[in-house]
1. List pairs: first in segment 223-243 and acidic (Asp, Glu), second open to solvent by less than 50 Å² (accessible area, probe 1.4 Å) and in a helix (DSSP H, G or I), Cβ under 8 Å, 6+ apart or cross-chain?
2. Taking segment 32-42 only, how many residues are open to solvent by 10 Å² or more (accessible area, probe 1.4 Å) and in contact with a strand residue (DSSP E or B) (Cβ under 9 Å, 6 or more places away or on another chain)?
3. Return the residues of segment 22-43 that are closer than 23 Å to LEU119 by Cβ and in a helix (DSSP H, G or I); say none if nothing qualifies.
4. Given the condition within 22 Å of LYS229 (Cα to Cα) and either in contact (Cβ under 8 Å) with a residue 40 or more places away in the chain or in contact with a strand residue (DSSP E or B) (Cβ under 8 Å, 6 or more places away or on another chain) (or both), answer yes or no: does some residue in segment 66-84 qualify?
5. Pull up segment 184-238, narrow it to residues that are in contact with a Lys or Arg (Cβ under 8 Å, 6 or more places away or on another chain) and acidic (Asp, Glu), then point me to the one that is farthest from ALA171 (Cα to Cα).
6. Could you tell me whether LYS229 is charged (D, E, K, R) and under 20 Å from GLN155 (Cβ atoms)?
7. So GLY118 clears everything in (1) in contact (Cβ under 8 Å) with a residue 24 or more places away in the chain; (2) closer than 26 Å to SER203 by Cβ except one condition, right? Which one?
Amino acid sequence: MMLQSNDFTLEVCVESAVGLLTCEGRADRIELCSALGLGGLTPGPGLIRRAQAYTVPAHVLIRPRPGDFIYDRHDLAAAIADICFVRECGLAGVVIGAARDDRLDLAAMRNMIDAAEGLHVTLHRVVDILPDPMLVLDQAIALGVGRILTAGGAQGAADGTAQLTRMQDAAADQIEIMAGSGVTAANVVQIANATGIRSFHASCTSVAPKNGSLAAFGFGEQLVTDKGKIEALRAKLNAFATT
């Protein structure tokens with residue numbers, strides 16, 4: 001399926017080399033990560049380098065550990081080292097976020113943004129766990145962030161459309177709002193209609209067939225990038241764009 005030229009953008013989460021290949025010619029952009037089952041962590045250097053081989057722009061998630069987004073100097077040093085590696089590899093951007101109390105950690109954010117000079121910067125869903133998304137929006141604009149990934153403070157974007165609409169209206173042309181979390185072919189048109197948002201983020205994954213031996217040893221389930229789910233989302237957006 002070829003991409004259609006319209007004002008909708010589809011970003012897909014990828015945590016494997018096969019996922020990179022699956023997105024080629026189907027997604028507009030990739031968020032490259034690992035450990036989707038933990039909400040996403042920074043991928044390893046091998047996968048980051050592998051992304052250089054594909055034409056889909058890759059934006060690398062910078063999250064040095066699971067858990068909260070309150071980073072000490074050791075966490076921040078690891079994040080900055082990863083950002084520098086992404087920049088050395090010539091990829092398109094990074095996806096970052098750090099919190100302090102009930103707002104963004106501006107000092108940590110500035111340090112990461114400085115390290116990302118020349119890369120596009122997206123603020124991840126840390127915005128959804130903070131009490132005032134509109135304050136975070138203002139902070140992100142002041143920092144020069146280019147895009148915010150958000151579900152409007154909800155667990156899923158379909159449940160956060162009221163806040164997503166407020167953010168989209170307030171963002172104007174200053175920053176891009178990208179709706180993410182639980183976005184599927186079944187609800188993407190509803191979200192687009194309700195909010196006016198034209199940029200969407202989805203995992204488009206399926207669970208690989210279970211292997212009892214692997215599960216018994218605690219290796220967990222494998223999520224695979226699902227070509228059919230990407231194509232179904234793309235088809236919905238392309239059809240909606242022509243109505």
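The values are calculated or read from the model by the stated rules, or taken from the named source; none is laboratory data. These numbers come from a predicted model, not from an experiment. All Cβ positions, even for glycine, are placed from backbone atoms using ideal geometry, and neighbour counts span all protein chains on display. Note: accessible area is taken over every heavy atom of the protein model, side chains too, but ligands, DNA and RNA are not part of it. Shrake-Rupley method; radii C 1.70, N 1.55, O 1.52, S 1.80 Å.
1. ASP226/THR22
2. Within segment 32-42, residues that are open to solvent by 10 Å² or more (accessible area, probe 1.4 Å) and in contact with a strand residue (DSSP E or B) (Cβ under 9 Å, 6 or more places away or on another chain) number 6.
3. Within segment 22-43, CYS23, LEU36 meet the criteria.
4. Looking for residues that are within 22 Å of LYS229 (Cα to Cα) and either in contact (Cβ under 8 Å) with a residue 40 or more places away in the chain or in contact with a strand residue (DSSP E or B) (Cβ under 8 Å, 6 or more places away or on another chain) (or both), one finds none in segment 66-84, hence no.
5. By that ranking, first place goes to GLU221.
6. yes
7. Every listed condition holds for GLY118 apart from (2).
To keep it simple, each residue is scored yes or no on (1) in contact (Cβ under 8 Å) with a residue 60 or more places away in the chain; (2) closer than 20 Å to LEU61 by Cα; (3) touching a helix residue (DSSP H, G or I) at 6+ places or on another chain (Cβ under 7 Å).
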| site | (1), (2), (3) |
| --- | --- |
| VAL126 | no, yes, no |
| LEU137 | no, yes, yes |
| VAL145 | no, yes, no |
| GLY153 | no, yes, yes |
| GLN168 | no, no, yes |
| ASP173 | no, no, no |
| HIS201 | yes, yes, no |
